[in-house]
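Have a look at the structure below, then the notes.
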Amino acid sequence: MTIKKPLRFVALLGSLRKDSFHGTIARALPSLAPEGVTVTSAGSIRELPHYDADLQAEGFPPALLAIAAAIQEADAVIIVTPEYNYSVPGALKNALDWLSRLTPQPFAGKPVAIQTGSPGMVGGARAQYHLRQIMVFLDAYVLNKPEILVGGMYGKIDSETGEITDEATAALIAQQLAALARMVRPDE
Ligand code: FNR
């Protein structure tokens, strides 16, 4: 698939870990995207304080405003995240809570794709469906299929070399990015 007018996607990462497997996936996205689509980071959620309405009253954190601007300017967002205790990691939920307080709300009407993984077989499905529920309130348009649920991910991703070693996983991610591009530009 080749996109005629360039599209810009940003990736939002739910893991803070230096050697994150999900970080490895996020960094591989540019090479898996269709021709004409660039993928960059939306920025790190690491520095965001816990959501606090009193802090909000003093002014939104600069790190949040940078992420919000990246999302606002992007044609679509890819959220790549692990599952923690059958749900979304607290740091990602915190980032989404902060983002939800902004006007205009950066996710409103924004095409979003979700990618989860786990060392177990379920591939983060429970977190993925919690995340879909959260994105309803944020008014995002979440892509339905293909779903990216990378089960047994420690055998499919090499976080040392930065490679997705499982070809089927890489191919499915490429298909999802193409589907996201079609969601943004149904005519192409
Ligand atoms: C986990 N993990 C995990 N895995 C899973 O499949 N279901 C779960 O509910 C949980 N819960 C959970 C809670 C906490 C606090 C941690 C630290 C881990 C394992 C998790 O899937 C694994 O750590 C991540 O996939 C690693 O991702 P990164 O950080 O390498 O991107």
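Points to keep in mind about this one:
- Any chance Lys156 is within 16 Å of the ligand (Cβ to nearest atom) and of a type in the set (Lys, Arg): yes
- Residue satisfying all of: in the stretch 137-162; charged (D, E, K, R) and surrounded by 14 or more Cβ atoms within 10 Å (Cβ to Cβ); modelled with the lowest pLDDT among these: Asp158
- Sub-8 Å Cβ pairs linking a first residue in the stretch 42-63 that is more than 23 Å from Val77 (Cα to Cα) to a second residue that is open to solvent by 50 Å² or more (accessible area, probe 1.4 Å) and of a type in the set (Lys, Arg), at least 6 apart or interchain, are Gln56/Arg101, ordered by first then second residue.
- If you go through the stretch 112-147 and pick out every residue that is more than 12 Å from the chain's Cα centre (by Cα), of a type in the set (A, V, I, L, M) and not in a loop (DSSP other than H, G, I, E, B), you end up with 4.
- Test: residue in the stretch 112-128 that is open to solvent by 10 Å² or more (accessible area, probe 1.4 Å), within 16 Å of the ligand (Cβ to nearest atom), more than 23 Å from Leu7 (Cα to Cα) and of a type in the set (S, T, N, Q): yes
- Flag for Glu188 being within 30 Å of Lys4 (Cα to Cα) and either touching a Gly at 6+ places or on another chain (Cβ under 7 Å) or not in a strand (DSSP E or B) (or both): yes
- Odd one out for Phe21, checked against (1) in contact (Cβ under 8 Å) with a residue 24 or more places away in the chain; (2) out of contact with any helix residue (DSSP H, G or I) (no Cβ under 8 Å at 6 or more places or on another chain); (3) of a type outside the set (D, E, K, R); (4) within 17 Å of Ile114 (Cα to Cα): (2)
The values are calculated or read from the model by the stated rules, or taken from the named source; none is laboratory data. It should be emphasised that the depicted structure is a prediction, and the values quoted were computed from it without experimental measurement. Methodologically, a virtual Cβ is constructed for each residue, glycine included, from the backbone with ideal geometry; neighbour enumeration extends over all protein chains shown. The area values use the complete protein model at the heavy-atom level, side chains included, leaving out ligands, DNA and RNA. Shrake-Rupley method; radii C 1.70, N 1.55, O 1.52, S 1.80 Å.
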